[in-house]
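Note sheet for the following structure.
The values are calculated or read from the model by the stated rules, or taken from the named source; none is laboratory data. Since this is a predicted model, take the numbers as computed values, not measurements. Every residue, glycine among them, receives a Cβ derived from its backbone with ideal geometry; neighbour counts consider all protein chains shown. In case anyone asks, the SASA skips ligands and DNA or RNA and just uses the protein heavy atoms, side chains included. Shrake-Rupley method; radii C 1.70, N 1.55, O 1.52, S 1.80 Å.
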Amino acid sequence: MAQVEATNNQQPATNNQQKIKSICCIGAGYVGGPTMAVMAQRNPDIKVTVVDLNKQRIADWNDADLSKLPIFEPGLDQVVEEARGRNLFFSTEVDQAIQEAEMIFISVNTPTKTYGKGKGMAADLKYIELCARQIAEVATTDKIIVEKSTLPVKTAQAIKSILDHTGNGVKFQILSNPEFLAEGTAMTDLANPDRVLIGGEQTLEGKKAIQALVDVYATWVAKSQILTTNIWSSELSKLVANAFLAQRVSSINAISELCEATEANVEEVAKAIGMDSRIGPKFLKASVGFGGSCFQKDILNLVYIAKSLGLNQVADYWEQVILMNNHQRNRFANNIVSTLYNTVSGKKIAFLGWAFKKDTNDTRESAAIYVADRLMDERAQITVYDPKVTATQMQGDINYLNTRSESENKQYLETETDPYKALEGAHAIAVLTEWDEFKTYNWQTIYNNMSKPAFVFDGRNVLDKVELEKIGFIVQSIGK
Ligand SMILES: NC(=O)c1ccc[n+]([C@@H]2O[C@H](COP(=O)([O-])OP(=O)(O)OC[C@H]3O[C@@H](n4cnc5c(N)ncnc54)[C@H](O)[C@@H]3O)[C@@H](O)[C@H]2O)c1
Ligand SMILES: O=c1ccn([C@@H]2O[C@H](COP(=O)(O)OP(=O)(O)O[C@H]3O[C@H](CO)[C@@H](O)[C@H](O)[C@H]3O)[C@@H](O)[C@H]2O)c(=O)[nH]1
């Protein structure tokens with residue numbers, strides 16, 4: 001990123017610089033909601049309207065009871081409470097919000113395609129295109145369009161082409177402003193970002209648009225942290241950032257298997273290599289595998305782009321990050337089966353955690369889903385406790401895989417809202433998410449109520465192995 005072209009983000013706004021007064025964000029999801037809440041909180045003079053087609057989602061954002069917000073994110077409720085109704089609004093009136101806004105963020109989902117060309121790899125841009133068409137149809141005044149969603153490099157060209165062919169004289173500037181927040185820490189990431197990246201056309205009009213967005217962020221982000229680039233560098237940097245992060249997780253997970261085979265300890269290895277300032281200590285936590293809506297989707301997208309350009313070695317290199325992650329999940333599930341004397345049929349396996357990481361209710365691509373599916377194939381009886389994920393969500397996640405009928409899934413997958421009940425009578429416990437509360441449980445009571453031998457498979461290395469072994473558990477961790 002240090003190599004990308006820097007522009008004039010240190011310069012103050014000139015007299016003819018546009019000062020944004022009204023923002024609309026299309027998409028009230030995990031990104032649109034928290035991002036706009038912070039933007040509104042930090043810019044009380046700007047009216048920020050977040051719109052979505054999903055009526056229930058908008059109703060939940062407007063719920064007077066802040067515990068009903070559609071997204072669980074520590075600290076989000078306070079920010080919403082401060083700004084909502086003042087200059088932050090959630091609405092289903094998409095056309096009206098588009099018309100009123102000078103700047104429109106597109107923050108809709110860009111999932112992996114499930115059909116046609118690029119199926120299983122390319123990003124599905126149908127929601128993005130729909131937004132562009134709707135803006136083109138409705139807009140009567142000039143607008144700055146901001147790509148907030150994660151998009152393949154060169155998407156701005158397609159958006160521009162749609163917008164520029166309206167024939168009604170309205171002028172659009174397209175910016176790329178990818179979001180780097182991580183779920184569970186979204187509010188601190190947004191309040192104090194490592195960097196804000198803004199890409200735009202390197203023309204006078206493009207630079208003005210970039211400056212208008214820089215000014216929105218500059219009310220709370222130091223200008224030195226606001227990086228402006230050409231639009232393609234910005235689009236591509238988002239995919240590359242996720243690929244590098246995921247690559248670190250797959251790298252340490254690959255080493256975890258080597259550690260298990262050699263009596264090395266992956267945490268000691270991670271510490272030893274992480275103290276090298278060139279490597280750094282972050283994102284070296286071995287686990288049952290990464291999940292989340294972004295890593296897999298974005299790497300597949302990168303792989304697809306490379307393949308489309310005939311860059312097969314580049315594609316293969318990055319695809320390996322995904323293959324290693326799939327391997328790590330399978331390895332974890334297979335190890336449970338082999339340790340439990342090669343059969344889990346009819347045995348109760350209790351899962352602690354279903355979310356893809358702690359402090360979120362998001363389950364997209366969570367390793368828990370794949371581990372459960374594998375164990376259900378072996379006819380294990382799974383009981384899950386997660387402090388934030390609902391039973392409906394868990395059933396939906398398993399049904400989405402289409403491995404077996406919904407009624408069979410119901411038969412093999414149960415949910416408990418009390419962790420001690422979930423663990424009672426279990427043959428084995430599998431820790432799938434690193435929720436802090438798991439460390440505080442009374443493990444002696446849990447042991448007393450389990451079938452013996454009592455196994456723990458700690459897919460997150462969060463429990464105290466030595467203490468659990470003292471109680472009598474047989475504990476298997478990752479990479480040690
Ligand atoms: N989740 C994250 O942590 C994260 C972080 C950085 C970037 N991103 C990227 O941000 C984008 C959004 O991700 P998300 O997790 O917020 O998705 P999401 O599914 O939680 O939210 C997207 C929302 O857009 C709405 N929507 C879709 N089409 C619409 C339309 N035409 N008009 C109005 N609303 C529409 C959907 O109803 C949905 O509520 C994706 O490209 C993702 O890759 C996500
Ligand atoms: O050392 C680590 C770090 C993470 N993980 C796992 O990796 C996944 C992703 O974690 P994280 O990156 O913290 O959460 P996300 O919300 O998916 O955030 C990533 O994806 C977002 C969407 O693009 C980006 O904005 C963020 O910068 C990027 O960190 C989770 O399952 C984690 O448990 C590990 O197993 N070991």
Original post:
Given +1 on the Cβ of Lys and Arg, -1 on the Cβ of Asp and Glu, and no further charges, what dipole in debye does the range 332-463 carry about its Cα centre, rounded to the nearest 20?
Top reply: 300 debye
**OP:** Find out how many positive minus negative residues lie around residue 409, taking Lys and Arg as positive, Asp and Glu as negative, among other residues whose Cβ is under 12 Å from that of residue 409.
**Re:** -4
Original post:
Once phi is turned into ³J(HN,Hα) by the Karplus curve 6.51 cos²θ - 1.76 cosθ + 1.60 with θ = phi - 60°, what whole-Hz value does each residue of the range 88-105 show in order, with x for glycine and proline?
Top reply: 10, 10, 10, 8, 9, 7, 5, 4, 4, 5, 4, 4, 6, 7, 8, 10, 10, 8
**OP:** Calculate one ³J(HN,Hα) per residue across the range 344-358 by plugging θ = phi - 60° into the Karplus curve 6.51 cos²θ - 1.76 cosθ + 1.60, and present them in order as whole Hz with x for glycine and proline.
**Re:** 10, 4, x, 8, 8, 10, 9, 9, 9, x, 9, 5, 6, 7, 6
**OP:** Starting from the amide H of residue 49, placed 1.01 Å from N in the peptide plane, find each other amide H under 5 Å away whose residue is 5 or more places distant or on another chain.
**Re:** 23, 24, 25, 89
**OP:** Rank 200, 98, 80 by how far each Cα sits towards the positive end of the charge dipole of the chain (+1 on Lys, Arg Cβ; -1 on Asp, Glu Cβ) and give me just the farthest.
**Re:** 200
Subject >> DSSP-defined beta bridges in the chain - what % are antiparallel, rounded to 5 >> reply: 5 percent
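How large is the charge dipole for the range 119-165, taken about the Cα centre, if only the Cβ atoms of Lys, Arg (+1) and Asp, Glu (-1) carry charge, to the nearest 20 debye?
Charge dipole of the range 119-165: 160 debye, to the nearest 20.
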**OP:** Would you compute, from DSSP H runs of 4+ residues alone, the mean residue ellipticity of the chain at 222 nm, taking -39500 (n - 2.57) per run and dividing by the full residue count, rounded to the nearest 500?
**Re:** -13000 deg cm²/dmol
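Once the other residues with Cβ under 14 Å from the Cβ of residue 274 are scored (Lys, Arg +1; Asp, Glu -1), what is the net sum?
With Lys, Arg at +1 and Asp, Glu at -1, the net is +2.
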**OP:** Would you work out what percent of the accessible area of the range 177-290, with all protein chains in place, is carbon or sulfur (probe 1.4 Å)?
**Re:** 59 percent
Original post:
Please identify the chymotrypsin sites (Phe, Trp or Tyr not before Pro) of the range 315-406 that satisfy two criteria: DSSP loop assignment and at most 13 other Cβ atoms within 10 Å. Which are they?
Top reply: 341
Original post:
Percent antiparallel among DSSP beta bridges with both residues in the range 24-175, to the nearest 5?
Top reply: 5 percent
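Got a number for carbon plus sulfur as a percent of the range 402-480's accessible area, 1.4 Å probe?
Carbon with sulfur: 44 percent of the solvent-accessible area.
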Original post:
Among residues other than residue 308 whose Cβ falls under 12 Å from its Cβ, what is the net charge (Lys/Arg +1, Asp/Glu -1)?
Top reply: +3
Original post:
What are the ³J(HN,Hα) values, in whole Hz, obtained from phi via the Karplus relation 6.51 cos²θ - 1.76 cosθ + 1.60 with θ = phi - 60°, for each residue of the range 175-181 in sequence order, with x given for Gly and Pro?
Top reply: 10, 10, 9, x, 9, 10, 5
**OP:** Using a 1.4 angstrom probe on heavy atoms only, work out the carbon and sulfur share of the accessible area of the range 127-170 in %.
**Re:** 51 percent
Original post:
Averaged per residue, what accessible area in Å² does the range 104-249 show with a 1.4 Å probe, protein chains only?
Top reply: 40 Å²
Subject >> Long-range HN-HN contacts of residue 196 with modeled amide H, under 5 Å >> reply: 226, 227
Original post:
What residues have an amide H closer than 5 Å to that of residue 480, excluding those fewer than 5 places away on the same chain, when H is modeled at 1.01 Å from N in the peptide plane?
Top reply: 266
Original post:
When DSSP assigns beta bridges and you keep just the ones with both residues in the range 288-417, what percent turn out antiparallel, to the nearest 5?
Top reply: 0 percent
Original post:
Looking at 291, 343, 392, which one has the Cα that reaches farthest to the positive end of the dipole of the chain (charges on Cβ: Lys, Arg +1; Asp, Glu -1)?
Top reply: 291
Subject >> Charge dipole magnitude, Cβ of K and R +1, D and E -1 - the chain, Cα centre, debye nearest 20 >> reply: 680 debye
Original post:
Out of 305, 417, 185, whose Cα points farthest toward the positive end of the dipole of the chain (charges: +1 Lys, Arg; -1 Asp, Glu; placed on Cβ)?
Top reply: 305
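Can you list which of the GluC sites (Glu not before Pro) found in the range 47-123 are DSSP loop residues with at most 14 other C-beta atoms within 10 Å?
Answer in residue order: 93.
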**OP:** Would you give the gap between the C-alpha center of the range 349-376 and the C-alpha center of the range 152-219, rounded to a whole Å?
**Re:** 34 Å
